[in-house]
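Peer 1: Attaching a single structure in structure tokens format; questions to follow.
The values are calculated or read from the model by the stated rules, or taken from the named source; none is laboratory data. Note that the structure is predicted; figures quoted are calculated from it, not measured. Heads up, the Cβs are rebuilt from the backbone with ideal geometry, glycines too, and the neighbour counts pull from every protein chain shown.
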Amino acid sequence: MKSLKNEKGQSLVEFAILLPVLLLLIMGILEFGLMLNSYLTINNSAREGARLGVVVGSKLGSDTEISDLIKKISPNLNREDLTINIMPSLAGRKSGGTISVEVKYNYKLTIPIISNILGNVMVLKAQTSMRIEWVVRLELHRRWFNAKIR
């Protein structure tokens with residue numbers, strides 16, 4: 001009978017030793033999932049911004065409208081932490097050329113233990129380059145753009 005009591009105590013000690021490691025692992029998985037969600041959001045935003053810049057041309061695909069679209073379709077991100085770079089500017093874009101939209105996001109780690117280990121901010125970056133294909137039918141693209149903004 002004495003050996004059963006000792007084994008129960010041993011299991012409790014082993015569990016107490018492994019519990020912080022298991023909690024850290026679970027918190028790391030949660031933090032990674034939140035960070036992955038932010039990365040997928042900026043990746044999609046960069047792609048949509050580049051798409052707006054390549055098909056519309058004229059004044060509808062200006063840098064400010066591309067930036068506004070990126071901010072609109074990224075509702076779960078803090079807008080102050082977004083950095084948007086569009087190359088070339090509207091004046092330098094020519095049919096057949098390339099537009100590159102880069103979105104950087106300063107992701108602030110939310111779980112305190114993980115932020116103590118890795119630091120408070122992780123910079124996430126997504127870049128999309130597309131060939132400029134300006135088309136004549138701007139009215140169709142205006143409707144598409146207005147639907148995306150709303």
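Peer 1: Look through region 52-71, keep the residues that are within 23 Å of the chain's Cα centre (by Cα) and small (Gly, Ala, Ser), and return whichever of them is modelled with the lowest pLDDT. Break it down stepwise before answering.
Peer 2: Keep residues of region 52-71 that are within 23 Å of the chain's Cα centre (by Cα), which gives 52-54, 61-71.
From the residues that got through so far, the ones that are small (Gly, Ala, Ser) too are 53, 61-62, 67.
On the way: Gly53: 86, Gly61: 69, Ser62: 82, Ser67: 92.
Within region 52-71, the match that is modelled with the lowest pLDDT is Gly61.
Peer 1: Still on this structure: Considering only region 25-55, how many residues are of a type in the set (Gly, Ala, Ser) and farther than 30 Å from Ile113 by Cβ? Please lay out each step first, then the result.
Peer 2: Of all residues in region 25-55, those of a type in the set (Gly, Ala, Ser) come to 28, 33, 38, 45-46, 49-50, 53.
So of that shortlist, the ones also farther than 30 Å from Ile113 by Cβ come out as 46, 49-50, 53.
Residues that pass the stated criteria total 4.
Peer 1: Can you report the number of residues in region 31-47 which are under 26 Å from Thr98 (Cα atoms) and touching a helix residue (DSSP H, G or I) at 6+ places or on another chain (Cβ under 6 Å)?
Peer 2: Within region 31-47, residues that are under 26 Å from Thr98 (Cα atoms) and touching a helix residue (DSSP H, G or I) at 6+ places or on another chain (Cβ under 6 Å) number 1.
Peer 1: Something else now. Output the residues belonging to region 77-113 that are under 20 Å from Ile29 (Cβ atoms) and within 19 Å of the chain's Cα centre (by Cα). Reasoning before the result, please.
Peer 2: We begin by selecting, within region 77-113, every residue under 20 Å from Ile29 (Cβ atoms); these are 107-113.
Residues satisfying the conditions are Tyr107, Lys108, Leu109, Thr110, Ile111.
Peer 1: For region 86-102, check the following and say yes or no: at least one residue is acidic (Asp, Glu) and modelled with pLDDT of 90 or more. First the steps, then the outcome.
Peer 2: First, the residues of region 86-102 that are acidic (Asp, Glu): 102.
Okay, now just the ones that are also modelled with pLDDT of 90 or more, so 102.
For region 86-102, residues acidic (Asp, Glu) and modelled with pLDDT of 90 or more: present.
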